[in-house]
Amino acid sequence: MTLFLSMRTAHTSGSIRKPVLYEGGAEEVFPAREIPASQIKARLRGLRLVFATHGFNVNQSEGQCALARLEAQLQLPQVYAFVVVLWPGDFWIPAVNYPFEGATSVTCGKYLAGFCNENLRDVVDVSLISHSLGARLVLETVRWLKLPVDMVCLTAGAINNDCLIREYAAAAAKIARPVVLASERDEVLRLAFPAGDFFGGWFTPGPQSGKPALGRTGPDAASRRVPRPWQIPPGENGGQGYGHGNYLPPSDAGETFPDPAGPWVKTAAFMRHACLAERQSWPPPYVFG
């Protein structure tokens, strides 16, 4: 059974609510079985927590399916507890809501930090994995966390590539092991991110640098604490490179899983090595551009 921390009030769109912890399966009808607040501390005491969250334009069942499948693929040791974070970064009409969802991710990050500070004082440490706009939610969480932060893995980050030395410099300083995975073949981040970032700056708190996306170029040259490798070569994935949707397992329950040929198998291995502080064997050394 997978643990889900939901901040959603609806399957699609909806508003933000304070986090509620559930357990269930990748394809179960949500909500699954709620874990009473009185049991959370005992349930997670002495464990290493790994929170994983999705990005923009992902509804409840899609996030549930993709990230529960990611947990199955990671196969972390029993000392780890993997928690899927579901948040309302979607809308009935796709894409038109993007400028507003940066603010949504910021609020959800504060809520997640509050949940952790209240309930996880007896865990060993906390790590976080994100995809796309989930990067802002994760970094906002770290900003407010009062717990040890071991590792943060930002994949396909839809956030400026200087965020770790500018907007979220204080948060980055709290992360023992910052990890980034990026792809220059990510056309969503190449074409849509600059416009979305410009308009999103009107609604999202904090400075906007106008820099390219972290998930395309990797970290700004001044972000020296982020170790290589973090750039996926353009010839990967059968010569197609990695696009924005290649990082996580399929979010459609009807698609094949597990699938040894899926491009996300390599990214999941990257995330597992990051969680366990193991040497990365992929991607190979590569310099952007």
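The values are calculated or read from the model by the stated rules, or taken from the named source; none is laboratory data. Small disclaimer: the values here were computed from a predicted structure and weren't measured. Neighbour counts run over all protein chains shown; Cβ positions are idealised from the backbone, glycine included. Just the protein is used for accessible areas: all its heavy atoms, side chains included, with ligands, DNA and RNA removed. Shrake-Rupley method; radii C 1.70, N 1.55, O 1.52, S 1.80 Å.
The number of residues in the range 117-128 that are in contact with a Phe, Trp or Tyr (Cβ under 8 Å, 6 or more places away or on another chain) and open to solvent by less than 30 Å² (accessible area, probe 1.4 Å) comes to 3.
Out of 164, 133, one residue alone is in contact (Cβ under 8 Å) with a residue 40 or more places away in the chain, aliphatic (A, V, I, L, M) and within 18 Å of residue 5 (Cα to Cα). It is 133.
Within the set of pairs 6+ apart or on separate chains, which have a first residue in the range 48-65 that is in contact (Cβ under 8 Å) with a residue 24 or more places away in the chain and open to solvent by less than 20 Å² (accessible area, probe 1.4 Å), a second that is assigned to a helix (DSSP H, G or I) and not aliphatic (A, V, I, L, M), and C-beta atoms under 6 Å apart? Once the first residue is in contact (Cβ under 8 Å) with a residue 24 or more places away in the chain and open to solvent by less than 20 Å² (accessible area, probe 1.4 Å) and sits in the range 48-65, its partners that are assigned to a helix (DSSP H, G or I) and not aliphatic (A, V, I, L, M) give 50/275; 53/134; 54/63; 54/134; 55/134. Screening residue 20 on (1) in contact with a strand residue (DSSP E or B) (Cβ under 7 Å, 6 or more places away or on another chain); (2) open to solvent by less than 10 Å² (accessible area, probe 1.4 Å) shows it passes everything except condition (2). Just one residue in the set 233, 260, 250 is open to solvent by less than 50 Å² (accessible area, probe 1.4 Å) and closer than 25 Å to residue 64 by Cα; that residue is 250. Being closer than 21 Å to residue 108 by Cα, open to solvent by 40 Å² or more (accessible area, probe 1.4 Å) and part of a loop (DSSP other than H, G, I, E, B) is the filter here; which residues of the range 23-47 pass it? Once the filter is applied, which keeps residues that are closer than 21 Å to residue 108 by Cα, open to solvent by 40 Å² or more (accessible area, probe 1.4 Å) and part of a loop (DSSP other than H, G, I, E, B), the range 23-47 yields 31, 36. Filtering 279, 224, 272, 228 for residues that are outside any loop (DSSP other than H, G, I, E, B) and open to solvent by 40 Å² or more (accessible area, probe 1.4 Å) leaves a single hit, 272.
Within the range 82-102, the presence of a residue that is touching a Pro at 6+ places or on another chain (Cβ under 6 Å) and either at pLDDT below 90 or surrounded by 15 or more Cβ atoms within 10 Å (Cβ to Cβ) (or both) is excluded. For residue 243, indicate whether it is in a loop (DSSP other than H, G, I, E, B), open to solvent by less than 30 Å² (accessible area, probe 1.4 Å) and either closer than 19 Å to residue 158 by Cβ or out of contact with any Cys (no Cβ under 8 Å at 6 or more places or on another chain) (or both). When the stated conditions are applied, residue 243 passes them. Considering only the range 144-152, I want to know if a residue exists there that is at pLDDT 95 or above, in a helix (DSSP H, G or I) and either of a type in the set (Asp, Glu) or at negative phi (or both). Yes: one or more hits. In this structure, residue 177 qualifies as open to solvent by 40 Å² or more (accessible area, probe 1.4 Å) and in a strand (DSSP E or B).
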